[in-house]
Amino acid sequence: MMNRSHKQELERLKAKNEYTTEDLEIAKELLKQEDPPFHKEVASVVEKITQLLNHEKK
């Protein structure tokens, strides 16, 4: 069941400009929520963080 802290965590991640692998782990944890619209939002954040982290490694 999704709760307010999950939503707040997602908002915090979306507001960041730099990400760490820890942020990616948090986002992946949020993906486990059963709320489809929330899941879709989280999936886009996971994608964004993954792309940025991969870009930084190059």
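Over the chain, accessible surface divided per residue gives 75 Å², non-protein components excluded, 1.4 Å probe.
Taking the 1.4 Å solvent-accessible surface of the chain as the whole, the part contributed by carbon and sulfur is 53%. Loop-located GluC sites (Glu not before Pro) in the chain (DSSP state not H, G, I, E or B) with no more than 14 neighbouring Cβ atoms inside 10 Å: 18, 34.
Listed by chain and number, the lysines whose C-alpha is less than 17 Å from the C-alpha of residue 16, apart from same-chain residues fewer than 8 away, are 7, 28, 48. Given the choices [x] 63; [y] 73; [z] 189, volume of the Cα convex hull per residue in Å³ derived from the coordinates of this structure is entry [x].
This model, with +1 at the C-beta of Lys and Arg and -1 at the C-beta of Asp and Glu, gives the chain a dipole about its Cα centre of some 120 debye.
The values are calculated or read from the model by the stated rules, or taken from the named source; none is laboratory data. None of these values were measured; they are calculated from a predicted model. Here the Cβ is made from the backbone with ideal geometry for all residues, glycine too, and neighbour counts use every protein chain on show. With ligands, DNA and RNA removed, areas are computed over all heavy atoms of the protein, side chains included. Shrake-Rupley method; radii C 1.70, N 1.55, O 1.52, S 1.80 Å.
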